[in-house]
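Structure, as structure tokens:
The values are calculated or read from the model by the stated rules, or taken from the named source; none is laboratory data. Everything numeric in this text was worked out from a predicted model, so none of it was measured. No Cβ is skipped: glycine too gets one built from the backbone with ideal geometry, and neighbour counts run over all protein chains shown. Side chains included, ligands, DNA and RNA excluded: accessible areas come from the protein's heavy atoms. Shrake-Rupley method; radii C 1.70, N 1.55, O 1.52, S 1.80 Å.
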Amino acid sequence: MKQIVFEWKKAVGNRLLILFLLIAVFAAAILAGSTAERDETYFDLRKIEEDYAADPAAVRAYYEETLSPLAQDFELLFRAYARGEIAEEPRRSFPCTYSGDESRNDYDLLLTFFIRQNADRDWRREIEKVIETAEVNKEELLICYTNMDESTFAYRQQDLISRQYSAVLEESELGSQGYGWDQFFSFDAVNLFLFLSVLAGAIGVFCSDIGKPSLILRASKHGRGRTAAAKIAVLLLWSCLCVILTLFGVGIAVFLKCGALSDLSAPMASFYDYRLTPYPFSVLEYLLIFLGTKLLLACAVAVLCALICLLVRSVSLGFLASAALMAIRFSVFASAQTDALKYLNLCGIAFFGSMTDSFCCVNVFRHAVPILPATLAFLTLILLLCIAGVFLCFRSFRLANELKFHPLARLRIKWEQLASSGKKRMPKAHNHST
């Protein structure tokens, strides 16, 4: 425990590392605030909801007796203008008691409010249609294909669609329209700042002892084994700190720009982009899973970067190799045609919203497995393998002088030979004659 505390103090005592993290957090927050959008209609509809909850008959009477006749008169005038019977184009003149802005008049707001009252019914019809299509597909697969049975992946995929969306119908009930949280979850640019901050942490934690101090650690009784365990623990803590601070900054920026966030108990299906999500999560449940996935992802990326740096024995080369690996994974994510290649990928997992806003599954020995548990299992496996690799590398290799134990060290040797190829020439001796 003392060694973990010592390594942690050494990491947070690195001013350059802390400065880099703060810059990443502020940059992510500023970018999130600049891309978020405030919807004034949301606040106007909340006022209507309060009035409707207090006296629904009065709100309906105001709409039907006052606003509807005005809308009909405007429609008659506009038709007359279209036929050329009147020369001046009519203008809409409705009261604006809820918003105080003519662009959001009471008629349009109340019309939107009454339409959204039927949102739960319309959403249920849409989900029922998805379930019905899946059941039809199951029957057609068994009828039209002789080699198809209930143990094939195609049949199990349709069965999984039916079961998941049936559970969503049973457990979810749409209320008012969700607001704000969808912009927080869909801010994918935060992944860049998270990757950079955890990569910097991996280099700062594991590459600070390269040189003569590594020989002292290797010679001590418990030097390299316990030091490796302490450094891994500190790196995991650093990665969690990066995720929490960055997401907290993004959340504050989105809240300040949007002005409010909807209730945490609202279902995720109440957001338009998540209407077809196969998971019956509330905003709070989705937030916890989102945070847990980001923590696992950041830890896996950080430990993977540390492993690469230890293998190549070079900070700059290790950082470039880690960045290149992330770029390759992103290209695979962007061009993948299957859910497995797209989301069982460190870069694909970072785009959490696109992974959960609609149905996705992977084929695991002909079983259809939902993408979310498959992703969590994949991340956990990668993290454990990288931790074992870092522990073995840091415990077994001498980081000071010997580079011949690993084949990747040749890359560094060639790099140093290229860098030192321009040798300084000795000055010519001058003969002074007397």
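Assorted remarks:
- Candidate set: the stretch 262-307, residues that are open to solvent by 50 Å² or more (accessible area, probe 1.4 Å), closer than 24 Å to THR246 by Cβ and in contact (Cβ under 8 Å) with a residue 24 or more places away in the chain; chosen: the one nearest to the chain's Cα centre (by Cα): LEU291
- The set of residues from the stretch 251-260 being out of contact with any Phe, Trp or Tyr (no Cβ under 6 Å at 6 or more places or on another chain) and either open to solvent by 40 Å² or more (accessible area, probe 1.4 Å) or among the β-branched types (Val, Ile, Thr) (or both) comprises ILE252, PHE255, LEU256, LYS257.
- Scanning the stretch 356-378 for residues being closer than 13 Å to LYS294 by Cα and either assigned to a loop (DSSP other than H, G, I, E, B) or open to solvent by less than 20 Å² (accessible area, probe 1.4 Å) (or both) gives a total of 2.
- Restricting the stretch 146-198 to residues that are in contact (Cβ under 8 Å) with a residue 40 or more places away in the chain and of a type in the set (Asp, Glu), the residue that is surrounded by the most Cβ atoms within 10 Å (Cβ to Cβ): ASP182
- Residue check, LEU217 in contact with a helix residue (DSSP H, G or I) (Cβ under 7 Å, 6 or more places away or on another chain) and at pLDDT 80 or above: no
- Qualifying residue in the stretch 282-292 (condition: in contact with a strand residue (DSSP E or B) (Cβ under 7 Å, 6 or more places away or on another chain) and not charged (D, E, K, R)): yes
- Remark: THR41 falls outside the filter, which requires a residue to be within 19 Å of ALA253 (Cβ to Cβ), β-branched (Val, Ile, Thr) and surrounded by 13 or more Cβ atoms within 10 Å (Cβ to Cβ).
- Residue match in the stretch 308-327 (condition: more than 18 Å from the chain's Cα centre (by Cα), open to solvent by 20 Å² or more (accessible area, probe 1.4 Å) and within 18 Å of ASP188 (Cα to Cα)): yes
- Residue in the stretch 313-332 that is outside any helix (DSSP H, G or I) and modelled with pLDDT under 90 present: yes
- LYS138, sole failed condition from (1) modelled with pLDDT of 85 or more; (2) open to solvent by 50 Å² or more (accessible area, probe 1.4 Å): (2)
- Residues satisfying the stated conditions in the stretch 18-38, i.e. in a helix (DSSP H, G or I) and either open to solvent by less than 70 Å² (accessible area, probe 1.4 Å) or more than 30 Å from LEU194 (Cβ to Cβ) (or both): ILE18, LEU21, ALA24, VAL25, ALA27, ALA28, ALA29, LEU31, ALA32, GLY33
- Test: residue in the stretch 110-123 that is within 31 Å of the chain's Cα centre (by Cα) and under 23 Å from CYS360 (Cβ atoms): yes
- Flag if HIS430 is at pLDDT below 55 and under 37 Å from the mean Cα position of the chain (by Cα): no
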